[in-house]
């Protein structure tokens, strides 16, 4: 998908180098990616004929080659943009999911402390996203304000954080039920031992 992200940033027809594309993406999405990722992708796209180098503006840094989208690149991006979305249920594996597979193997005190730390980290992340969303909200009533999806994207991430917090509550409750069951003495075995003892007398 990264190739379409780069093509989309160049879709306006303005030539830009990798560093400028990184800043543009950061400003639009609130996500910081490495400049090297953009330069590597630009080289791949150039090899496919989807972008090409452009003349450097006068006084520009000679080390940074600007790229522009080609007609083939525009067609590829436009086709991707209007294609039906293909949700993939296998895309939901992340670090939290992986850790949840194994956390029960630690001692109970460790598990509870870990769940507390995860919850606190998610809560802090949610507060930071809330503040960022408030700062990204476009001014109301100004017809000259360009459309910006940043506030909407930050709101989407907030919903993901809320879903992860709900998941942690479910994980904690399920773990506590399992831990309580694992500590219970096996009544049937105890009763069987008692009856064997009585028969032996």
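Output the peptides 129-138, 97-106 sorted from most to least packed, where packing is the average of other Cβ atoms within 10 Å over each peptide's residues.
Output ranking for 129-138, 97-106: 129-138, 97-106.
Is the shape of region 2-82 best called rounded, prolate or oblate, per the rule: a/c under 1.5 gives rounded, else a/b larger than b/c gives prolate, else oblate, with a ≥ b ≥ c the square roots of the Cα gyration tensor eigenvalues?
In terms of gyration-tensor shape, oblate.
Across bins of 10 angstrom width beginning at 0, how are the C-alpha pair distances of region 139-178 distributed, in whole percent?
25, 26, 21, 15, 9, 3
Per-residue counts of other Cβ atoms within 10 Å, averaged by peptide: what ranking do you get for 107-120, 18-31, highest first?
18-31, 107-120
What shape does region 92-184 have by the C-alpha gyration tensor, where a ≥ b ≥ c are the square roots of the eigenvalues, rounded means a/c under 1.5, and otherwise prolate means a/b greater than b/c and oblate the rest?
Here region 92-184 falls in the prolate category.
What length, rounded to one decimal in nm, is gained on full extension from residue 105 through to residue 46, with 0.36 nm per residue of separation minus their alpha-carbon distance?
Full-extension gain reported as 16.3 nm.
Every read-out reported here was derived from the displayed coordinates using simple, explicitly stated rules and does not represent laboratory data. Everything quoted here is computed from the prediction, not taken from an experiment. Every residue, glycine among them, receives a Cβ derived from its backbone with ideal geometry; neighbour counts consider all protein chains shown.
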